[in-house]
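Remarks on the structure that follows.
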Amino acid sequence: MTEVQRQDVNGTQRTWKWWRRDEGSSAAEPSLTETPEAEPPEVDFVSWELLQSTPLYQEASSVYFADALGERAEQEEDIMSSLDEAIRQLLSIEGATGAAIVDYSSGMALAQGGSPGFDLGVAAAGNSNVVSAKLRTMADLNLNSDIEDILITLGSQYHLINVLNSGGSKGLFVYLVLDRTYANLALARHKLNNLANGIII
């Protein structure tokens, strides 16, 4: 038996064997054969499928988050439109020159409107301190009650603070500025209370 190693057209080393029949032997000469090569390693098809499917899962997640963000944006737009409508109705009260809906924990005005002659944003932050101080005082006095409104009387203006106590708007207050020349204080307080009860976030 003779062995010869050669490279095929692909550059792969192959071993070729052949046999020479001895004289007097009746056995048939075997045909030219190729030594079997080692089996190639199996590919982990499961890992490959997972790898291929990864972008699909990422895309589905992206679509989900995009839908969630879209729904959240729509909810925020609805809230802002309802707050803007509340401000419009507050300013329709006779003698009203300015109005704001304020988060007293942060002092930030969520919505505001009108021209009272001063910065409503600064007034919102300052009156947040007034509400917070009053709530702390009530806690110290063990007064288990809610604040309905706070009235601050100036020479030419009334400043009304209506604290919202409903579950959907707790932590907020409505700040209304009235011109004393044109406002009816009793009627303004009544209308403010009715409007404040309808504000839900």
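Below is a table of values for the structure above.
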| quantity | calculated |
| --- | --- |
| All positions within region 65-96 that are open to solvent by less than 40 Å² (accessible area, probe 1.4 Å) and at pLDDT 80 or above | 83, 86, 87, 90, 93, 95, 96 |
| Residue within region 171-186 that is closer than 19 Å to residue 113 by Cα, under 39 Å from the mean Cα position of the chain (by Cα) and open to solvent by 20 Å² or more (accessible area, probe 1.4 Å) present | no |
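The values are calculated or read from the model by the stated rules, or taken from the named source; none is laboratory data. Only a predicted model underlies this, so the values are computations on that prediction, with no experimental measurement involved. Note: accessible area is taken over every heavy atom of the protein model, side chains too, but ligands, DNA and RNA are not part of it. Shrake-Rupley method; radii C 1.70, N 1.55, O 1.52, S 1.80 Å.
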